[in-house]
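Just below is one structure, and these are the notes that go with it.
The values are calculated or read from the model by the stated rules, or taken from the named source; none is laboratory data. In this text the structure is predicted, and so the values were computed from the model without any measurement. Positions of Cβ are backbone-derived with ideal geometry, glycine not excepted, and every protein chain shown enters the neighbour counts.
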Amino acid sequence: MKRNFLIIIIVFALLFFQILPVVMAHAPLGSRDNESIDKATVIPDPTKSWALYSQLNSDGDAQYYTFIITSGQKIHVTLYKSMRTEDTTFIPRLAIIGPNIVPQGILPSKITVQSGLGVNLVTQIQPKPTYEPFSPSIYIVLADVMLENPALGKYYLVVYEQSDDPKGGNYGLGVGDRETYTIDEWLLIPFNLITIYQWEGQSLALILTPIIVTLFVGIVFIAWSLKKQNGIVNPMAWFGAIGSITFMGTAFTTLFELLASATKVTVGREAVITLIISIIPLALGFAVLRLSIKNSRQTSIRKRVYYIIMGIVALFMWAGS
């Protein structure tokens, strides 16, 4: 395999990590059972960029989130909902409860407000369909607020339906702007994306279709290619070839989600970011496939080194997941 091709892949990976802060992606955070203020979901660091995907029940119960501000920080919070047909008439509201909050709006009596805290019912904005290029996914933004130099103390975010006939539906919260990830958050992103796509309303079968089709076609191609070489006796070549197909499957899954989003909203220049995310695992897939099939009976030291390098790049680019 030509050394230049490997260099190009590494350059693309480095470029991706350079543009990552511009992407404005969020680290996922589970919400669990949080329908009372005592069980509010804890947001560990409200300055860090978090994404919370949840669902309000049709019983009208609110859901609570909490975080602590320890210094004069700007806290950015957005409320959004899915574009599922079922959520067309679903309009969740966002309220912020905390010290020195200027009172605005009136909350339903069933929502708990602790003594001494102020309540701000965040003003809704014109619903705005938004494309997220990092996922890729789409959602409708309903509220966007920035807490400027808030007082120190404990705050609560409350999401609820202000309706006598609550519908229930899928909503999400974006909290914070500081883009940072732990290793486990980064590596688990592919699995969290499945949850996000299901939150959007996609079935698991639809989500997995691109990679299943890619695996089927790829295995047929590998079998045909190896038959021309009178079979293959090197297990490493087999593992490498199958792995390369999963890399390509990741790329085609990302492209599929981009196209699916484009049928619902106008996708602009953000699509370039999604395409870069797709190109890297696709290039890795072709490189590993070529490396595995060419001279498949031989496993030189150089070939092993190439496998290791591309495997490490693939791990951090979620290729094959």
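Assorted remarks:
- Whichever residue in segment 143-185 is touching a helix residue (DSSP H, G or I) at 6+ places or on another chain (Cβ under 6 Å) and farther than 17 Å from residue 65 by Cβ and, among such residues, is modelled with the lowest pLDDT: 179
- Applying a threshold of 6 Å to beta carbon distances and a minimum spacing of six or more residues, or different chains, the list of pairs starting in segment 198-218 at a residue that is outside the structural domain of residue 137 (by TED's automatic domain parsing) and ending at one that is of a type in the set (Lys, Arg) reads 201/84.
- Options 244, 225; residue that is polar (S, T, N, Q), at pLDDT 75 or above, more than 24 Å from residue 275 (Cβ to Cβ) and assigned to a helix (DSSP H, G or I): 225
- Any hit, segment 249-265, residues being assigned to a helix (DSSP H, G or I) and modelled with pLDDT under 85: no
- Qualifying residue in segment 197-212 (condition: out of contact with any Leu (no Cβ under 7 Å at 6 or more places or on another chain) and assigned to a strand (DSSP E or B)): no
- Looking across segment 263-272, the residues that are surrounded by 13 or more Cβ atoms within 10 Å (Cβ to Cβ) and either without any contact (Cβ under 8 Å) to a residue 40 or more places away in the chain or more than 26 Å from residue 218 (Cβ to Cβ) (or both) come down to 265, 267, 270.
- Selection over segment 98-118 of residues that are touching a Gly at 6+ places or on another chain (Cβ under 7 Å) and either in a loop (DSSP other than H, G, I, E, B) or in contact (Cβ under 8 Å) with a residue 24 or more places away in the chain (or both) gives a count of 7.
- Top-ranked residue in segment 35-63 [being touching a Lys or Arg at 6+ places or on another chain (Cβ under 7 Å) and part of a strand (DSSP E or B); ranked as modelled with the highest pLDDT]: 41
- Leading residue by the ranking (surrounded by the most Cβ atoms within 10 Å (Cβ to Cβ)) among those in segment 118-166 that are in contact with a strand residue (DSSP E or B) (Cβ under 6 Å, 6 or more places away or on another chain), among the hydroxyl-bearing types (Ser, Thr, Tyr) and within 27 Å of residue 260 (Cβ to Cβ): 139
- Of the criteria (1) under 30 Å from residue 87 (Cβ atoms); (2) of a type outside the set (Val, Ile, Thr); (3) modelled with pLDDT under 90, which one residue 210 fails: (3)
- Residue 127 vs. criteria under 22 Å from the mean Cα position of the chain (by Cα) and without any contact (Cβ under 8 Å) to a residue 60 or more places away in the chain: yes
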